[in-house]
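What follows is a set of notes on a single structure, which appears directly below.
The values are calculated or read from the model by the stated rules, or taken from the named source; none is laboratory data. Worth saying up front: this structure is predicted, and the values here are computed from it rather than measured. Every residue, glycine among them, receives a Cβ derived from its backbone with ideal geometry; neighbour counts consider all protein chains shown. Only protein heavy atoms, including side chains, enter the accessible area calculation; ligands, DNA and RNA are left aside. Shrake-Rupley method; radii C 1.70, N 1.55, O 1.52, S 1.80 Å.
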Amino acid sequence: MTEQLEQYQAHFQEGGRVRIGVPLKGGGAFSEWGIVASLDDDLLQLYLSRDSLPEQARLELGRTLDLALDGKQGPLACRGVLVADHAAEHRLVLRLVEDVVPYEPREYFRQDVYLPLIYRRTLSQVAEEVRLRWEHSRREIELAAQDPDPDEPEEVADAREEIRARLEKRKTAPPLAANLSGGGVRLNIAERFAEGELVELSIYLPQHSRMIEMIGEVVQVTALPDRVRFSTALRYRFIDEADRDRLIGYISTEQLHQMSQHGPRVLLPPPEGPSVWRRRLQVAFVLALLAGFLGCQARAILVAKQRGEKWEVQRVFDEGFMEFLRRQR
(Lines give C-alpha, C1' and ligand atoms only; values in the text may rest on other atoms or scores of the structure.)
Protein backbone atom coordinates (compact mmCIF):
# COMPACT_ATOMS: atom_id res chain seq x y z
CA MET A 1 0.00 0.00 0.00
CA THR A 2 2.90 2.36 0.79
CA GLU A 3 4.33 1.91 -2.72
CA GLN A 4 0.92 2.64 -4.22
CA LEU A 5 0.56 5.85 -2.20
CA GLU A 6 4.02 6.88 -3.36
CA GLN A 7 2.88 6.35 -6.95
CA TYR A 8 -0.11 8.59 -6.37
CA GLN A 9 2.06 11.26 -4.77
CA ALA A 10 4.50 11.18 -7.69
CA HIS A 11 1.93 11.41 -10.49
CA PHE A 12 -1.08 13.31 -9.09
CA GLN A 13 0.61 16.54 -8.20
CA GLU A 14 -1.32 19.70 -7.40
CA GLY A 15 -2.12 21.63 -10.57
CA GLY A 16 -1.58 18.62 -12.82
CA ARG A 17 -4.05 17.70 -15.55
CA VAL A 18 -6.05 14.47 -15.47
CA ARG A 19 -8.47 13.17 -18.09
CA ILE A 20 -11.67 11.72 -16.64
CA GLY A 21 -13.93 9.29 -18.48
CA VAL A 22 -17.43 10.42 -17.47
CA PRO A 23 -20.05 7.71 -18.22
CA LEU A 24 -22.92 8.66 -20.54
CA LYS A 25 -26.53 7.51 -20.35
CA GLY A 26 -26.54 6.10 -23.89
CA GLY A 27 -23.29 4.20 -23.41
CA GLY A 28 -19.65 5.13 -23.74
CA ALA A 29 -18.01 7.98 -21.84
CA PHE A 30 -17.44 11.71 -22.14
CA SER A 31 -13.85 12.89 -21.96
CA GLU A 32 -13.45 15.68 -19.39
CA TRP A 33 -10.29 17.32 -18.12
CA GLY A 34 -9.68 18.00 -14.45
CA ILE A 35 -7.05 19.83 -12.46
CA VAL A 36 -5.64 18.22 -9.33
CA ALA A 37 -6.76 20.34 -6.36
CA SER A 38 -5.44 18.11 -3.59
CA LEU A 39 -4.28 14.57 -2.81
CA ASP A 40 -4.61 13.09 0.67
CA ASP A 41 -3.11 9.58 0.56
CA ASP A 42 -5.48 7.95 -2.00
CA LEU A 43 -8.20 10.63 -1.83
CA LEU A 44 -8.01 12.76 -4.98
CA GLN A 45 -9.90 16.02 -5.48
CA LEU A 46 -10.23 17.39 -9.01
CA TYR A 47 -11.54 20.67 -10.37
CA LEU A 48 -13.46 20.19 -13.62
CA SER A 49 -12.43 22.22 -16.67
CA ARG A 50 -15.96 23.15 -17.76
CA ASP A 51 -18.90 24.78 -16.03
CA SER A 52 -21.37 22.01 -16.82
CA LEU A 53 -21.28 18.44 -18.08
CA PRO A 54 -23.50 17.08 -20.89
CA GLU A 55 -27.09 16.19 -19.94
CA GLN A 56 -26.33 12.52 -20.72
CA ALA A 57 -23.51 12.43 -18.15
CA ARG A 58 -24.14 10.01 -15.31
CA LEU A 59 -22.01 10.53 -12.20
CA GLU A 60 -23.10 8.06 -9.54
CA LEU A 61 -21.45 7.65 -6.17
CA GLY A 62 -19.53 4.38 -6.03
CA ARG A 63 -18.98 4.37 -9.80
CA THR A 64 -15.44 3.56 -10.94
CA LEU A 65 -14.06 6.12 -13.40
CA ASP A 66 -11.13 5.77 -15.78
CA LEU A 67 -8.35 8.32 -15.34
CA ALA A 68 -5.50 9.18 -17.69
CA LEU A 69 -2.54 11.53 -17.33
CA ASP A 70 0.71 12.31 -19.06
CA GLY A 71 3.92 10.78 -17.72
CA LYS A 72 7.56 11.30 -18.58
CA GLN A 73 7.70 7.97 -20.44
CA GLY A 74 4.26 8.32 -22.06
CA PRO A 75 0.57 8.30 -21.10
CA LEU A 76 -0.45 6.67 -17.83
CA ALA A 77 -3.73 5.24 -16.56
CA CYS A 78 -5.40 4.69 -13.22
CA ARG A 79 -8.91 4.20 -11.82
CA GLY A 80 -10.81 5.86 -9.02
CA VAL A 81 -14.15 5.40 -7.26
CA LEU A 82 -16.36 8.48 -7.06
CA VAL A 83 -16.99 9.23 -3.38
CA ALA A 84 -18.27 12.80 -3.61
CA ASP A 85 -19.94 14.66 -6.46
CA HIS A 86 -19.75 18.43 -6.28
CA ALA A 87 -20.40 19.05 -9.97
CA ALA A 88 -22.23 22.26 -9.11
CA GLU A 89 -18.96 23.49 -7.63
CA HIS A 90 -17.03 22.02 -10.60
CA ARG A 91 -15.15 19.45 -8.54
CA LEU A 92 -15.11 15.71 -7.90
CA VAL A 93 -13.60 13.60 -5.12
CA LEU A 94 -12.34 10.11 -5.98
CA ARG A 95 -10.73 7.29 -4.03
CA LEU A 96 -7.87 5.89 -6.14
CA VAL A 97 -8.07 2.10 -6.23
CA GLU A 98 -5.42 0.87 -8.68
CA ASP A 99 -1.74 1.25 -9.48
CA VAL A 100 -0.64 3.91 -11.93
CA VAL A 101 0.31 1.91 -15.02
CA PRO A 102 1.34 2.70 -18.61
CA TYR A 103 -1.67 3.28 -20.79
CA GLU A 104 -2.23 0.49 -23.31
CA PRO A 105 -4.58 0.85 -26.26
CA ARG A 106 -7.80 -1.06 -25.74
CA GLU A 107 -8.84 -3.95 -27.88
CA TYR A 108 -12.02 -2.93 -29.67
CA PHE A 109 -14.94 -4.98 -30.85
CA ARG A 110 -15.72 -4.67 -34.54
CA GLN A 111 -19.18 -4.35 -36.03
CA ASP A 112 -20.54 -4.22 -39.57
CA VAL A 113 -22.64 -1.06 -39.86
CA TYR A 114 -24.55 0.87 -42.50
CA LEU A 115 -24.31 4.56 -41.68
CA PRO A 116 -24.00 7.97 -43.34
CA LEU A 117 -20.24 8.13 -43.79
CA ILE A 118 -18.15 10.57 -45.81
CA TYR A 119 -14.44 10.24 -46.56
CA ARG A 120 -12.36 12.99 -48.15
CA ARG A 121 -8.76 13.46 -49.10
CA THR A 122 -7.16 16.07 -46.87
CA LEU A 123 -5.94 19.34 -48.38
CA SER A 124 -2.51 18.64 -46.94
CA GLN A 125 -0.60 15.56 -45.85
CA VAL A 126 1.39 17.45 -43.22
CA ALA A 127 0.18 15.94 -39.95
CA GLU A 128 0.29 19.20 -37.98
CA GLU A 129 -1.71 21.08 -40.62
CA VAL A 130 -4.26 18.27 -40.76
CA ARG A 131 -4.58 18.26 -36.98
CA LEU A 132 -5.20 22.03 -36.87
CA ARG A 133 -7.88 21.74 -39.55
CA TRP A 134 -9.50 18.85 -37.65
CA GLU A 135 -9.53 20.85 -34.41
CA HIS A 136 -11.15 23.74 -36.28
CA SER A 137 -13.89 21.39 -37.50
CA ARG A 138 -14.53 20.23 -33.93
CA ARG A 139 -14.84 23.82 -32.72
CA GLU A 140 -17.36 24.45 -35.48
CA ILE A 141 -19.44 21.49 -34.29
CA GLU A 142 -19.36 22.82 -30.73
CA LEU A 143 -20.45 26.25 -31.99
CA ALA A 144 -23.33 24.72 -33.95
CA ALA A 145 -24.53 22.86 -30.85
CA GLN A 146 -24.70 26.03 -28.74
CA ASP A 147 -27.89 28.01 -28.28
CA PRO A 148 -27.75 31.49 -29.82
CA ASP A 149 -26.88 34.33 -27.47
CA PRO A 150 -29.27 37.29 -27.81
CA ASP A 151 -26.32 39.68 -27.66
CA GLU A 152 -24.00 37.80 -29.99
CA PRO A 153 -22.79 39.52 -33.19
CA GLU A 154 -24.77 38.88 -36.35
CA GLU A 155 -21.77 37.31 -38.10
CA VAL A 156 -21.52 34.67 -35.33
CA ALA A 157 -25.21 33.78 -35.74
CA ASP A 158 -24.77 33.56 -39.51
CA ALA A 159 -21.69 31.37 -39.11
CA ARG A 160 -23.60 29.06 -36.75
CA GLU A 161 -26.46 28.64 -39.21
CA GLU A 162 -24.05 27.99 -42.07
CA ILE A 163 -22.27 25.29 -40.03
CA ARG A 164 -25.57 23.70 -39.02
CA ALA A 165 -26.72 23.57 -42.63
CA ARG A 166 -23.43 21.92 -43.64
CA LEU A 167 -23.71 19.34 -40.85
CA GLU A 168 -27.33 18.56 -41.74
CA LYS A 169 -26.26 17.94 -45.31
CA ARG A 170 -23.60 15.50 -44.11
CA LYS A 171 -26.18 13.68 -41.97
CA THR A 172 -28.22 12.96 -45.09
CA ALA A 173 -25.24 11.55 -47.00
CA PRO A 174 -25.85 8.12 -48.57
CA PRO A 175 -25.21 5.33 -46.05
CA LEU A 176 -22.06 3.32 -46.57
CA ALA A 177 -21.28 -0.22 -45.41
CA ALA A 178 -18.31 -0.27 -43.07
CA ASN A 179 -16.61 -2.49 -40.53
CA LEU A 180 -16.37 -0.15 -37.57
CA SER A 181 -14.50 -0.27 -34.27
CA GLY A 182 -13.25 2.13 -31.64
CA GLY A 183 -9.78 2.01 -33.15
CA GLY A 184 -10.41 2.18 -36.88
CA VAL A 185 -12.66 1.44 -39.81
CA ARG A 186 -12.53 -0.69 -42.97
CA LEU A 187 -14.30 0.40 -46.17
CA ASN A 188 -14.80 -1.13 -49.59
CA ILE A 189 -14.48 1.89 -51.89
CA ALA A 190 -13.66 2.73 -55.50
CA GLU A 191 -10.95 5.27 -54.65
CA ARG A 192 -7.46 3.93 -54.13
CA PHE A 193 -5.58 5.58 -51.29
CA ALA A 194 -1.91 5.12 -50.54
CA GLU A 195 -0.80 3.48 -47.31
CA GLY A 196 0.08 6.17 -44.79
CA GLU A 197 -2.23 8.74 -46.42
CA LEU A 198 -4.38 10.87 -44.10
CA VAL A 199 -8.13 10.93 -44.80
CA GLU A 200 -10.91 13.07 -43.32
CA LEU A 201 -13.82 10.97 -41.99
CA SER A 202 -17.32 12.09 -41.03
CA ILE A 203 -19.66 9.53 -39.44
CA TYR A 204 -23.20 10.24 -38.31
CA LEU A 205 -24.36 8.27 -35.25
CA PRO A 206 -28.17 8.20 -35.07
CA GLN A 207 -28.07 6.98 -31.47
CA HIS A 208 -26.50 10.29 -30.37
CA SER A 209 -27.78 12.42 -33.29
CA ARG A 210 -24.20 13.53 -33.65
CA MET A 211 -21.75 13.95 -36.50
CA ILE A 212 -18.28 12.71 -35.56
CA GLU A 213 -15.28 14.24 -37.31
CA MET A 214 -11.92 12.47 -37.24
CA ILE A 215 -8.78 11.88 -39.24
CA GLY A 216 -7.90 8.37 -40.37
CA GLU A 217 -4.56 7.03 -41.54
CA VAL A 218 -4.57 4.35 -44.24
CA VAL A 219 -2.83 1.22 -42.98
CA GLN A 220 -3.82 -1.35 -45.61
CA VAL A 221 -5.22 -1.35 -49.16
CA THR A 222 -6.27 -4.58 -50.90
CA ALA A 223 -7.79 -4.89 -54.37
CA LEU A 224 -11.11 -6.76 -54.32
CA PRO A 225 -11.94 -9.59 -56.77
CA ASP A 226 -14.27 -7.30 -58.76
CA ARG A 227 -11.17 -5.21 -59.70
CA VAL A 228 -13.21 -2.06 -59.18
CA ARG A 229 -13.13 -1.52 -55.42
CA PHE A 230 -10.46 -1.61 -52.76
CA SER A 231 -10.71 -2.87 -49.20
CA THR A 232 -9.23 0.06 -47.28
CA ALA A 233 -8.38 -0.14 -43.58
CA LEU A 234 -7.80 3.07 -41.61
CA ARG A 235 -6.80 3.66 -38.03
CA TYR A 236 -7.90 6.82 -36.25
CA ARG A 237 -5.00 9.25 -36.21
CA PHE A 238 -6.87 12.20 -34.68
CA ILE A 239 -10.09 11.57 -32.75
CA ASP A 240 -11.65 13.12 -29.68
CA GLU A 241 -11.75 10.50 -26.90
CA ALA A 242 -15.36 11.38 -26.13
CA ASP A 243 -16.24 10.63 -29.76
CA ARG A 244 -14.31 7.36 -29.56
CA ASP A 245 -16.40 6.37 -26.55
CA ARG A 246 -19.55 7.29 -28.46
CA LEU A 247 -18.46 4.98 -31.26
CA ILE A 248 -17.81 2.17 -28.79
CA GLY A 249 -21.21 2.75 -27.18
CA TYR A 250 -22.94 2.64 -30.54
CA ILE A 251 -21.14 -0.57 -31.53
CA SER A 252 -22.04 -2.21 -28.22
CA THR A 253 -25.69 -1.22 -28.65
CA GLU A 254 -25.76 -2.65 -32.18
CA GLN A 255 -24.24 -5.93 -31.01
CA LEU A 256 -26.81 -6.24 -28.21
CA HIS A 257 -29.59 -5.46 -30.67
CA GLN A 258 -28.41 -8.16 -33.06
CA MET A 259 -28.16 -10.66 -30.23
CA SER A 260 -31.73 -9.86 -29.17
CA GLN A 261 -32.96 -10.62 -32.69
CA HIS A 262 -31.83 -14.22 -32.35
CA GLY A 263 -34.12 -16.05 -29.99
CA PRO A 264 -33.00 -19.06 -27.98
CA ARG A 265 -32.00 -22.00 -30.05
CA VAL A 266 -34.85 -24.51 -30.32
CA LEU A 267 -33.95 -28.17 -30.74
CA LEU A 268 -36.42 -29.88 -33.05
CA PRO A 269 -37.75 -33.26 -31.87
CA PRO A 270 -36.63 -36.30 -33.84
CA PRO A 271 -38.94 -37.17 -36.72
CA GLU A 272 -41.76 -39.43 -35.64
CA GLY A 273 -42.09 -42.95 -37.07
CA PRO A 274 -45.17 -44.08 -38.97
CA SER A 275 -48.39 -43.58 -37.07
CA VAL A 276 -50.35 -46.53 -35.61
CA TRP A 277 -53.07 -46.26 -38.28
CA ARG A 278 -50.47 -46.16 -41.01
CA ARG A 279 -48.82 -49.31 -39.69
CA ARG A 280 -52.22 -51.05 -39.49
CA LEU A 281 -52.97 -50.13 -43.09
CA GLN A 282 -49.61 -51.51 -44.18
CA VAL A 283 -50.25 -54.82 -42.35
CA ALA A 284 -53.76 -55.07 -43.81
CA PHE A 285 -52.39 -54.46 -47.31
CA VAL A 286 -49.76 -57.21 -46.88
CA LEU A 287 -52.37 -59.63 -45.54
CA ALA A 288 -54.66 -58.85 -48.46
CA LEU A 289 -51.85 -59.57 -50.90
CA LEU A 290 -51.06 -62.83 -49.10
CA ALA A 291 -54.73 -63.86 -49.09
CA GLY A 292 -54.98 -63.12 -52.78
CA PHE A 293 -51.87 -65.16 -53.48
CA LEU A 294 -53.13 -68.13 -51.42
CA GLY A 295 -56.50 -67.90 -53.10
CA CYS A 296 -54.88 -68.05 -56.49
CA GLN A 297 -52.82 -71.05 -55.41
CA ALA A 298 -55.92 -72.90 -54.04
CA ARG A 299 -57.80 -72.27 -57.24
CA ALA A 300 -54.85 -73.55 -59.26
CA ILE A 301 -54.78 -76.77 -57.19
CA LEU A 302 -58.50 -77.33 -57.72
CA VAL A 303 -58.12 -76.83 -61.44
CA ALA A 304 -55.19 -79.26 -61.53
CA LYS A 305 -57.16 -81.93 -59.67
CA GLN A 306 -60.07 -81.55 -62.03
CA ARG A 307 -57.66 -82.18 -64.91
CA GLY A 308 -56.21 -85.27 -63.14
CA GLU A 309 -52.91 -83.56 -62.49
CA LYS A 310 -51.10 -83.98 -59.20
CA TRP A 311 -50.26 -81.00 -57.16
CA GLU A 312 -46.54 -80.40 -57.16
CA VAL A 313 -46.21 -80.97 -53.41
CA GLN A 314 -48.13 -84.20 -53.57
CA ARG A 315 -46.01 -85.36 -56.53
CA VAL A 316 -42.81 -84.68 -54.63
CA PHE A 317 -44.19 -86.48 -51.57
CA ASP A 318 -45.19 -89.54 -53.61
CA GLU A 319 -41.80 -89.75 -55.29
CA GLY A 320 -40.05 -89.46 -51.96
CA PHE A 321 -42.26 -92.10 -50.36
CA MET A 322 -41.66 -94.58 -53.20
CA GLU A 323 -37.90 -94.03 -52.93
CA PHE A 324 -38.12 -94.78 -49.18
CA LEU A 325 -39.95 -98.06 -49.83
CA ARG A 326 -37.31 -99.20 -52.36
CA ARG A 327 -34.52 -98.60 -49.84
CA GLN A 328 -36.38 -100.65 -47.20
CA ARG A 329 -36.36 -103.69 -49.47
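Going by amide H atoms built from the backbone, whose H comes under 5 Å of the H on Tyr103, apart from near neighbours?
Sorted by chain and number, the residues that satisfy this are Leu76, Ala77.
Between Arg170 and Arg17, what is the label-to-label distance in nm when each label sits 7 Å out along the Cα-to-Cβ direction?
2.3
Using the alpha-carbon centroid of each, what span in Å lies between segment 206-235 and segment 111-146?
Centre-to-centre (Cα) distance: 14 Å.
Measuring with a 1.4 Å probe in the full set of protein chains, what accessible area per residue, in whole Å², belongs to segment 1-113?
Working: 6810 Å² over 113 residues.
Per residue, segment 1-113 has an accessible area of 60 Å².
Students often get this wrong: which residues of segment 79-95 have the backbone nitrogen under 14 Å from the point 7 angstrom along Cα-to-C-beta of Asp51?
The answer is 88-90, whose backbone nitrogens lie closer than 14 Å to the label point.
Separation between the Val228 and Gln207 pseudo-spin-labels, each 7 Å from Cα along Cα→Cβ, expressed in nm?
For Val228 paired with Gln207, the spin-label model returns 3.3 nm.
Percent of accessible area on segment 144-260 owned by carbon and sulfur, 1.4 Å probe?
The nonpolar share, carbon plus sulfur, comes to 50 percent.
Separation between the Arg110 and Leu143 pseudo-spin-labels, each 7 Å from Cα along Cα→Cβ, expressed in nm?
3.8
Computing the accessible area with a 1.4 Å probe over protein heavy atoms, can you report the carbon and sulfur percentage for segment 26-134?
Here carbon and sulfur together make up 50 percent of the probe-accessible area.
Ignoring ligands, DNA and RNA, what accessible area per residue does segment 118-177 give at 1.4 Å, in Å²?
So segment 118-177 comes to 70 Å² accessible per residue, rounded to a whole number.
Taking a ≥ b ≥ c as the square roots of the eigenvalues of the Cα gyration tensor of segment 171-239, is the shape rounded (a/c under 1.5), prolate (a/b larger than b/c) or oblate?
Oblate is the answer for segment 171-239, as a/c is 1.5 or above yet b/c matches or exceeds a/b.
How about Lys25: which aspartates and glutamates have a C-alpha closer than 13 Å to its C-alpha, ignoring those fewer than 8 places off in the same chain?
By straight Cα distance, Lys25 reaches Glu55, Glu60, Asp245.
Can you pull out the chymotrypsin sites (Phe, Trp or Tyr not before Pro) in segment 106-140 whose DSSP state is coil and whose Cβ has at most 14 other Cβ atoms within 10 Å?
For chymotrypsin sites (Phe, Trp or Tyr not before Pro) across segment 106-140 that sit outside H, G, I, E and B with at most 14 neighbouring Cβ atoms in 10 Å, the list reads Phe109.
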